[in-house]
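**Q** Input: one structure, supplied below.
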Amino acid sequence: MANSEKNGNNTFEGILATKLSHYKTIIGFVLFVAMGVGNYMITDYKVKEHDKKIEHLEEQLKSRGNDALIMKQLDDIQKTNSELSSKIEKTNERVDKVLEILLRK
């Protein structure tokens, strides 16, 4: 309502436009939070999954299983971790862009 009062435009259309602008900002913020929470949950799940794989590989190392197989599995985990890192960076860039847009309003 502050915009309509500044302009001296207390018409129904002015008030409605201001309220819609506020709702749009709130919806954008809710989507931003949902995107961040979803990204965190997916990443947390994958990290826990990798921790389990690493624990399993450590147990195999203690029993001195097939070293070549263990090395391949560790390389696969490291590759997946780097992919996750790049996805997280891209998501963070998208979140930053959304924040910039929200803060401009």
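**Q** How many nm separate the modelled label positions at V95 and V37, each set 7 Å beyond the Cα in the direction of the Cβ?
**A** Calculated label separation equals 1.3 nm.
**Q** Same structure again: May I ask you to derive the FRET efficiency for D75 and K48 from their Cβ-Cβ distance with R0 = 30 Å, giving the value to the nearest 0.05?
**A** Working from the Cβ atoms, E equals 0.90.
**Q** Determine the dipole magnitude for segment 2-104: charges of +1 sit on the beta-carbon of Lys and Arg, -1 on that of Asp and Glu, nothing else is charged, the reference point is the Cα centre, and the result goes in debye to the nearest 20.
**A** Here segment 2-104 has a charge dipole of around 260 debye.
**Q** State the extension gain, in nm to one decimal, for the chain segment bounded by R104 and V30, taking 0.36 nm per residue of separation less the distance between their alpha-carbons.
**A** 25.0 nm
**Q** I'd like the orientation of helix 67-104 relative to the chain: the angle between its Cα long axis and the longest Cα principal axis, in ° from 0 to 90, rounded to 10.
**A** 10
**Q** Give the Debye-formula value of log10 I(q)/I(0) at each listed q (0.20, 0.21, 0.24 Å⁻¹), with one equal scatterer per alpha carbon of the chain, two decimals each.
**A** -1.00, -1.04, -1.18
Where a number appears in this text, it was derived from the coordinates with a stated rule and is not lab data. Note that this is a predicted model, so its numbers are computed, not measured. Note: ideal-geometry Cβ built from the backbone for every residue, glycine included; neighbour counts use all protein chains shown.
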